[in-house]
Amino acid sequence: MVKLCSGDAFIYHEKHTEFLRQCVLHDEGARRQELVENISQLQHDMRCVRRAVWLMAILTELIMAGLGYGIILGFFGLFSG
């Protein structure tokens, strides 16, 4: 079994999802449209989650930088009047 890191897992999942979507497109069954819509919704949801994770990471970094800046200024007595 191959161990994948998080970036590779997304690429791996996207490739398989696209393959599944292409297989469904060749189907002539009644559930075809429903499956295509479900896959599209899944892909949309994954993009939203990925964006939310990036936003949280950026905000966390900004908060940590702000706290560090406040601690340094407080340590040197520049922050208090």
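Coordinate-derived values only; no laboratory data. As the structure is a computational prediction, the values presented were derived from the model and not from experiment. In this analysis, Cβ positions are derived from the backbone assuming ideal geometry, glycine residues included, and neighbour counts consider all displayed protein chains.
Calculated FRET efficiency, His13 to Leu59, Cβ-Cβ distance, R0 = 22 Å: about 0.30 to the nearest 0.05.
Using 0.36 nm times the number of residues separating Arg32 and Leu67, minus their current alpha carbon distance, what extension gain do you get? Please report the intermediate quantities before stating the final value.
Details: separation 35, 0.36 × 35 = 12.60 nm, distance 5.24 nm.
The span from Arg32 to Leu67 would gain 7.4 nm if fully extended.
Taking the fewest neighbouring Cβ atoms within 10 Å as the starting point, the ordered list for Thr60, Thr17 is Thr60, Thr17. Calculate the translational D of the range 7-75 in whole µm² s⁻¹ from Stokes-Einstein, where the hydrodynamic radius comes from the Kirkwood formula applied to all Cα pairs, the temperature is 10 °C and the viscosity 1.306 mPa s. Translational D for this selection: 105 µm²/s. Sorting His16, His26 by the number of Cβ atoms found within 10 Å of their own Cβ, with the fewest placed first, yields His26, His16.
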